[in-house]
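Colleague: Take this structure, written in structure tokens, and hold onto it; I'll ask about it next.
Throughout, read-outs are computed from the coordinates displayed, never taken from laboratory work. Not measured: the values here are computed from a predicted model. Note: ideal-geometry Cβ built from the backbone for every residue, glycine included; neighbour counts use all protein chains shown.
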Amino acid sequence: MSCIEQLKYRLYLERTSFKEAREYIEKNSEEVYYVDPGYRIFKDYYIIGIPPVAMGVRGKELLFTYVKPCHGTFVMGIDSDEEIARLRENEARKVKGSLKKADKAKAESSSPPASFAEIYRK
Amino acid sequence: MNQGKSALLVMGCPEVPVQISMVIYLAHKLKKAGWDVTVAGTNAPVKLLKVADPESYYVQKMADLDQTIADIVEKKYDYDICFAFMHSDAGMTYGATFSAISHARLFAVVFGKNAEALGESIDYPAEKIVAVATHNPGPLKNKIDKVAL
């Protein structure tokens, strides 16, 4: 069992579908981030989910989905400055990574076109 | 031919009877074909399996579901094939997770009363084995027997 159940948590939705839980987070968070299934939070909980997996920030509270095979999906909220900071850092890394990729693609596409003289020589 | 290759069977909630029956059947079948088989689940299905197979004749390796996910995410271990059993939204969600974290060839084994609708809603990479089966394992067994590994 994950340590999450030992933490001080609030439940906002219980025994619902993953889709409804995701929509709740998207509608009720000040900031929404999307992570891959398997994203780790609170030391030993690996997020279970159907991509895109939404995680929300509301004040000091982290909103996330918690899935149990026999009970469905729950939306939980736990106060954690540390996890919120980690989530924002994770997002910043993703944006930086995609910007690098975009820069690389731009550099490749902006290489000078072959000159007529070079082609003619061939 | 399959010697040394690893198979993971992921059990969902055990409330639909055919699951345990099919897990034991498939684990035995894979083992006989040379696969190294691990069955993962939460406490409830693992207890059912241990009582049904007290001498570990059919299933030699059992693992906690959360720990299995942690090991795959942390790249401590992965499998060649994975059969994820599911009959509910939560089961589908676990299937999607395995599809995302593991490099295994994934089979989504969908059963229960709503198997067809659930099977249609799977939009992650997985080979679907779908049968409307709750008490009678026959339809699911027939489909599993047709899987070429």
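Colleague: Using only Cα atoms, locate the centre of segment A:35-50 and the centre of segment B:63-88, then give the distance between them in Å, rounded to an integer.
Modeller: What the calculation gives is 13 Å, centre to centre.
Colleague: Considering every residue in A:26-38, what mean count of other chain Cβ atoms within 10 Å of its Cβ is obtained?
Modeller: If you average over the peptide's residues, the count of other-chain Cβ atoms is 2.
Colleague: List, largest first, the extents of the alpha carbons of segment A:24-103 along their principal axes, each in whole Å.
Modeller: Its Cα atoms span 46, 26, 26 Å along the three principal axes.
Colleague: If exposed means no more than 15 neighbouring beta carbons inside 10 Å and the site is in a DSSP loop, what's the longest run of chain B without any exposed chymotrypsin sites (Phe, Trp or Tyr not before Pro)?
Modeller: My reading of the result: B:78-149 is the longest stretch.
Colleague: Over all residues in B:3-15, what is the mean tally of Cβ atoms on other chains that come within 10 Å of each residue's Cβ?
Modeller: Average per residue, whole number: 1.
Colleague: Among the trypsin sites (Lys or Arg not before Pro) in segment A:1-46, which ones are in a DSSP loop with at most 13 other Cβ atoms within 10 Å of the Cβ? Mind listing them?
Modeller: Loop-located and lightly packed - A:K8, A:K43.
Colleague: Let me confirm one metric for peptide B:115-127, namely the mean number of other chain beta-carbon atoms within 10 Å of its residues' beta-carbons.
Modeller: So the per-residue partner count for this stretch is 1.
Colleague: For each pair in A:K43/B:K141; A:K27/B:K76; B:K5/B:K50; A:K60/B:K128; A:K60/B:K50; A:K8/B:K128, compute the distance between the two Cα atoms and list the pairs where it is over 32 Å.
Modeller: Beyond 32 Å: A:K43/B:K141; A:K27/B:K76; A:K60/B:K128; A:K60/B:K50; A:K8/B:K128.
Colleague: So how do A:E5, A:E23 line up by other beta-carbon neighbours within 10 Å, fewest first?
Modeller: So the ranking, lowest neighbour count to highest, is A:E5, A:E23.
Colleague: Place a point 7 Å from the Cα of B:D123 along the Cα-to-Cβ direction; which residues of segment A:17-58 have their backbone N under 15 Å from it?
Modeller: Answer for this model: A:18-20, A:22-23, A:50-54.
Colleague: List the GluC sites (Glu not before Pro) within segment B:6-91 that fall in a DSSP loop (any state other than H, G, I, E or B) and whose Cβ has at most 12 other Cβ atoms within 10 Å.
Modeller: Sparse-neighbourhood loop GluC sites (Glu not before Pro): B:E55, B:E74.
Colleague: Looking at the protein assembly as shown, send over the antiparallel percent of its DSSP beta bridges, to the nearest 5.
Modeller: The answer is about 50 percent antiparallel.
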